[in-house]
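Here is the structure we will look at, set down as structure tokens.
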Amino acid sequence: MKTAIILFNLGGPDGPDAVKPFRVNLFSDKAIIRAPIFIRFWLSRLIAASSAKQAAANYELMGGKSPLLDLTQQQASALEAELGGEVKTFIAMRYWHPFAKEAAEQVKAWNPDRILLLPLYPQFSTTTTGSSLTDWHEAAAAAGLAKPTTILCCYFDDPDYVASIAVLVDRGIAEAKAALPSGTRLRLLFSAHGLPESIVTAGDPYQAQVEANTEAVMARLADRDVEHLVCYQSRATPQKWLAPSTIEAIEQAGRDQVAVLLVPIAFVSDHIETLVELDIENRELAAHHKVPGYFRAAVPNADPAFIRALAGLARRALTHGPGLCSAVNGRVCDAKHKDCPWTRYRTEQNAP
């Protein structure tokens with residue numbers, strides 16, 4: 001069967017002129033700024049303008065653009081090669097080209113027998129996978145694309161995915177210990193993109209999945225006794241966000257005189273939040289607070305073990321057939337997470 005696999009990701013500006021519109025698109029998303037449209041229109045432009053110079057300067061550190069599309073294309077090509085057969089991957093970015101609209105038109109022209117929606121977000125959030133799903137469904141409808149579609153909601157607990165991350169963390173631990181003076185304590189900081197607390201309180205399962213993902217990785221490490229902490233980065237609005245922040249965790253490491261290894265647990269590709277926020281800004285913060293050592297574990301990018309894990313997930317999801325599935329087929333979230341996609345899917349399925 002001709003199978004189209006749609007890879008969802010955030011997207012990023014492809015040049016200096018794209019920085020502002022990318023950020024406006026990001027903060028205009030009703031899944032992120034949960035306010036009436038007229039407030040969101042004003043607020044998105046205010047937020048984008050308030051740090052425009054800093055954002056532009058940060059992208060300049062990466063050559064004037066985000067590397068995310070290039071890295072996602074590498075992942076897409078590697079996944080195609082791993083799966084073989086009549087499989088073609090397409091990329092649908094949420095906030096910059098190629099948008100879902102472009103991907104849907106390409107998929108329709110290729111005319112597959114079936115479609116798999118595969119997010120490059122291991123943990124489900126209404127602000128990432130949920131937003132991309134809404135965007136895709138609207139784009140597919142506008143393109144007149146109607147094919148049997150399987151949706152993979154999350155895979156934070158997939159054993160092969162977890163193992164691929166654990167290998168990268170083990171490598172980071174070994175490199176950190178080799179560079180540190182003997183006897184220096186090391187703490188793993190599992191840093192995930194933050195969310196306003198109100199979104200989690202409303203029923204988003206993201207925080208629970210990040211924490212479960214972290215514990216699954218810890219259980220696979222060679223050194224399971226190493227200290228660890230989950231923290232959250234990239235606060236963007238004045239609301240109260242998930243805590244502790246990565247900044248707070250680094251400051252605490254300075255007070256405790258413990259070295260840190262940052263593990264970007266919610267990211268599978270390098271982009272501004274790893275290459276600038278973690279590697280430059282937070283490294284400078286650690287030096288300012290006299291943290292005795294600052295290291296970062298690699299993200300998967302096109303690491304072969306990660307690509308094999310994605311391929312396994314794709315095969316099992318396609319075997320499941322059309323509809324919603326997870327890494328373990330059924331729902332993995334506690335019932336208290338009302339924004340788990342399984343709640344919405346079942347509600348829609350049972351509607352008269």
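Miscellaneous remarks
- Highest-first arrangement of 186-195, 51-60, where packing means the average Cβ count within 10 Å: 186-195, 51-60
- With only Cα atoms counted, the range 15-133 has Rg and Dmax values of 16.5, 48 Å.
- Sequentially through the range 201-207, phi angles give Karplus couplings (6.51, -1.76, 1.60; θ = phi - 60°) of 4, 6, x, 5, x, 4, 4 Hz, Gly and Pro residues having no value and appearing as x.
- Loop-located trypsin sites (Lys or Arg not before Pro) in the range 226-308 (DSSP state other than H, G, I, E, B) with a sparse environment of at most 14 neighbouring Cβ atoms within 10 Å: Lys240, Lys290.
- Cα-based reach from Lys53 at 16 Å (exclusive), listing aspartates and glutamates while leaving out same-chain residues under 8 positions away: Asp17, Glu277, Glu281
- The range 159-296, relative contact order [Cα under 8 Å, separation at least 6], %: 33 percent
- Debye log10 I(q)/I(0) for the range 159-296, one point scatterer per Cα, at q = 0.09, 0.19 Å⁻¹: -0.25, -1.15
- Here the residues Met1, Met62, ranked from fewest to most Cβ neighbours within 10 Å of their Cβ, fall in the order Met1, Met62.
- Size of electric dipole in the range 10-87: Cβ of Lys, Arg +1 and of Asp, Glu -1, about Cα centre, debye, nearest 20: 740 debye
- Judged by the mean number of other Cβ atoms found within 10 Å, the most tightly packed of the peptides 121-133, 99-111 leads the ranking 121-133, 99-111.
Coordinate-derived values only; no laboratory data. Source: prediction; values computed, not measured. For neighbour counting, all protein chains shown are included, and Cβ atoms are generated from backbone atoms with ideal geometry for every residue, glycine included.
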